[in-house]
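The structure appears below as structure tokens.
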Amino acid sequence: MEQAVTRTSDGKASAASKPEYMSGFGNDFESESLPGALPQGQNSPQKCNYGLYAEQLSGSPFTAPRGTNERSWLYRIRPSVRHTRRFLNASYPLWKSAPCLDEHSLPLGQLRWDPVPAPTERLTLLDGIRTITTAGDVMTQAGMAAHAYVFNEDMVDDYFFNADGELLIVPQVGAVRVFTEMGIMDIEPLEICVLPRGMMVKVQRIGDEKVWRGYICENYGAKFTLPDRGPIGANCLANPRDFKTPVAAFEDKETLCRVHVKWCGKFYVTEIGHSPLDVVAWHGNYIPYKYDLRTFAPVGAILFDHPDPSIFTVLTAPTESAGTANVDFVIFPPRWLVAEHTFRPPWYHRNIMSEFMGLIHGQYDAKEQGFVPGGMSLHNMMLPHGPDASGFEKASNSELKPVKLEQTMAFMFETRFPQQVTKYAAEIETRQDNYLECWDGLERKFDGTPGIK
């Protein structure tokens, strides 16, 4: 059985300590911070060891089929009813929820942004979330929101849980320590983590960056899972063994703390006299986890043509319609390009899905200019997009020898729903008003002559 990381007397993680993890995706895990804290053979004994309280956290209806039934048993210093008092209204005006309509007059179009501005004041992660798009309806648990975040302050006595959906966090600059009820995860750029709906958390900085920056997908719908591989078979893409779940760790401190809640698109705050991260032991399958994007094993064309981007799906949140995602998390990692007689970048296309894209580092092969690390783009459903003019000319005339794309990592939040741009995203100074000009050089080449020119 796994043990917790070392704790200091004030309950904070030791600077020298490193979180420990258990491997696997969708597993039932068990972990305890103190020996004998986890009951054996039953979930709710009359009296728990160490005077702990037993509590179940459910991520699905009780009667959901076994394959999708999710719950964890937590053994904590106080039951969570003591982790909330009387709520007061709170405000995070730049964090929006769907539906978020008619906030601005920006017309429909393909859009791209440079990174959101660095803060001029001290901001925690909660203060630093800026919603770029929303899709679907948070009240019906369908759709998603795409956020950028930028912050420079730790959450010390502030804690948060999101009742509206799970959070997929994608750091772009600066590593973070994500302390959840069920343990600690350290996440650096090129890694991601997923926090289940309702999971208590606080986020702190690691390192000495001036600003910490990244992206968040807030998934209102069915939880993320691994996509079916189909004819690919049993291996490659994101392999289950590379997902890491933290071992139990708890914070035992008696100080004034604030618990912030997002519920049905609104925010609330309550004050308590202790830390709510007090789970000493747990078992179950409703869990936070992290994943290193560098362990993704891409597959692709080894003779001709460019395959659909769906082969780069890391995680998918399904809907009731098979093969139609509430949201997919897709990456474009380093890989070899070897296809013969082929235009190798992604082809020009229109799509029923809506694509929010970000760049963690390097260049994206279809947009070598203008799409910068920390930036974003949006190509909504049925709006055409594809390589810019310079990318088209380069790909059309380059020697078709094996080429390795290196030093790159882009990603996409792709959803079946149209993504509505927020007022913040429409009016921010980093929106590239000249983005459409990247296709101006795509002139007519047709001359009526048969054969390839």
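The values are calculated or read from the model by the stated rules, or taken from the named source; none is laboratory data. This is a predicted model, so every value here is computed, not measured. Counting neighbours? That spans all protein chains shown, and the Cβs are built from the backbone with ideal geometry, glycine included. What goes into the accessible areas is simple: the full protein's heavy atoms, side chains included, and nothing from ligands, DNA or RNA. Shrake-Rupley method; radii C 1.70, N 1.55, O 1.52, S 1.80 Å.
Would you mind working out the accessible area per residue for segment 340-386, using a 1.4 Å probe, and quoting it in Å²?
The answer is 41 Å² per residue.
Send over the semi-axes of segment 138-222's equivalent ellipsoid, whole angstrom and largest first, taken as the square roots of 5 times the C-alpha gyration tensor eigenvalues.
In descending order the semi-axes read 22, 14, 11 Å.
In nm, what is the difference between 0.36 nm times the number of residues separating Val81 and Asn43 and their Cα-Cα distance?
Additional length available on full extension: 11.8 nm.
With N set to the residue count of segment 194-262, report its C-alpha Rg divided by 2.2 N^0.38 Å to two decimal places.
1.59
For the chain, what % of the accessible area comes from carbon and sulfur atoms, probe 1.4 Å?
The nonpolar share, carbon plus sulfur, comes to 52 percent.
About its Cα centre, how strong a charge dipole does segment 89-172 have in debye, to the nearest 20, once Lys and Arg get +1 and Asp and Glu get -1 at the Cβ?
For this selection, approximately 320 debye.
Which of the lysines could a cross-linker span from Lys401 if the Cα-Cα distance has to be under 29 Å and same-chain partners fewer than 8 positions apart are dropped?
Candidates past the 8-residue exclusion: Lys367, Lys445, Lys453.
What is the dipole size for segment 298-373, taken about its Cα centre, with +1 at each Lys and Arg Cβ and -1 at each Asp and Glu Cβ, in debye to the nearest 20?
It comes to approximately 140 debye.
Amide H of Ala98 versus every other amide H placed in the peptide plane: which residues, excluding those fewer than 5 positions away on the same chain, fall under 5 Å?
The list, which skips near neighbours in sequence, is Ala135, Val138.
In Å and from the alpha-carbon atoms only, list the Rg and Dmax of segment 69-184.
16.9, 53
How do 92-98, 433-439 rank on mean C-beta neighbours within 10 Å, highest first?
92-98, 433-439
With θ taken as phi - 60° and the coefficients 6.51, -1.76 and 1.60, list the Karplus ³J(HN,Hα) couplings across segment 344-355 in order, rounded to whole Hz; mark glycine and proline as x.
Once rounded to whole Hz, the list reads 7, x, x, 6, 5, 7, 10, 9, 6, 7, 10, 10.
Place a +1 charge on the Cβ of each Lys and Arg in the chain and a -1 charge on the Cβ of each Asp and Glu, then give the dipole magnitude about the Cα centre in debye, rounded to the nearest 20.
Charge dipole of the chain: 680 debye, to the nearest 20.
What's the ranking of 100-106, 80-86, 378-384 by average number of surrounding C-beta atoms within 10 Å, highest first?
Output ranking for 100-106, 80-86, 378-384: 378-384, 80-86, 100-106.
Between rounded, prolate and oblate, where does segment 176-304 land on the alpha carbon gyration tensor, with a ≥ b ≥ c its root eigenvalues, rounded for a/c under 1.5, else prolate if a/b exceeds b/c?
Verdict is prolate for segment 176-304.
Of Gly284, Asn235, Ile272, whose Cα points farthest to the positive end of the dipole of segment 219-286 (charges on the beta-carbon: +1 Lys, Arg; -1 Asp, Glu; origin at the Cα centre)?
The listed residue farthest towards the positive side: Asn235.
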